[in-house]
Amino acid sequence: MKLSVVMPVYNERGTILEILDRVRAVEIDKEIIIVDNCSTDGTREIVEQINFPEVRAIFQDRNRMKGNSVKKGMAAAEGEFTIIQDADLEYDPRDYLPLLAEAERDEVLAVLGSRMLGAAQRSETLPLNSFSLGRDFLNDWFNMLYDENLTDIATCYKLAPTRFLQSLDLVSNGFDLDFELPAKFVLAARRQGQVVSELPIRYYPRSLEEGKKIRWTDGVASLSAITRFRFAEPGRARPGG
């Protein structure tokens, strides 16, 4: 099997079947691992009824936060590579194929799908709001601490070899996992003489009113994660909050 798609889900009744159809339509040998984080809006019941051979479902016993669901899905993955897929419609699964092709290059350890590069490629401007300002600040802080020039560390689309992901001592349980992952990607790539690559992707942002779940407190936890993992010894970092 070439690709494992880990899809954390929490209260996405309106989009879960549509995004599942889009992922299934990508012509690649794959499995889809849905991890329901104890949804309360009917999503859980929808997932329980899904019956496709390439789809597996994991049901959390309580809301353990997004990062924990991602880690649980990664631990269950059996594909050669794994990618994270949100259950809304902000990201386009058609971008899997170029991301995977990039990840198969020997010098590449992991690939990030960059919303910034995608917008620039299409001569578009991403919305300017509190989310984008926080995202840009965290990205700049990451680049300064890690001496990198990445454009979108907060992206959902992170793709890497499954065994590598499963070897990481991941400790974050919330949205801060989005920052622990690129931190550990960069540090591991340097040790191994490889790189973390970025490719442009499509992106269709939604608002709080449309169901976006990230809050300012997640930004504080993410800032802490970026800093903590830069200076922690391997295996010694502890979860924040």
Computed from every Cα-Cα pair in the stretch 65-180, P(r) in 10 Å bins starting at 0 and rounded to whole percents is 12, 42, 38, 7
For the chain, the helices passing both cut-offs (Cα extent along own axis of 18 Å or more, Kyte-Doolittle mean at least 0.0, full DSSP H runs) are 177-192, 216-231
Between the residues S167, T40, I19, the Cα farthest towards the positive end of the dipole of the chain, that dipole coming from +1 and -1 charges on the beta-carbon of Lys, Arg, Asp and Glu, is from S167
Among F231, S197, Q121, the residue whose Cα sits farthest towards the positive end of the charge dipole of the stretch 3-231, when +1 is placed on the Cβ of each Lys and Arg and -1 on the Cβ of each Asp and Glu, is F231
Between the alpha carbon centres of the stretch 28-98 and the stretch 121-190 the gap in Å comes to 20
The chain, convex hull of Cα, quarter of hull surface, nm² -> 12.2
Rh_Kirkwood(the stretch 1-61) over Cα pairs, Å, one decimal, evaluates to 11.7
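Each value in this text was obtained by applying a stated rule to the coordinates, not by laboratory testing. Just so we're clear, the structure is a prediction, and the values are computed from it rather than from any experiment. Backbone-built Cβ (ideal geometry, glycine too); neighbour counts: all protein chains shown.
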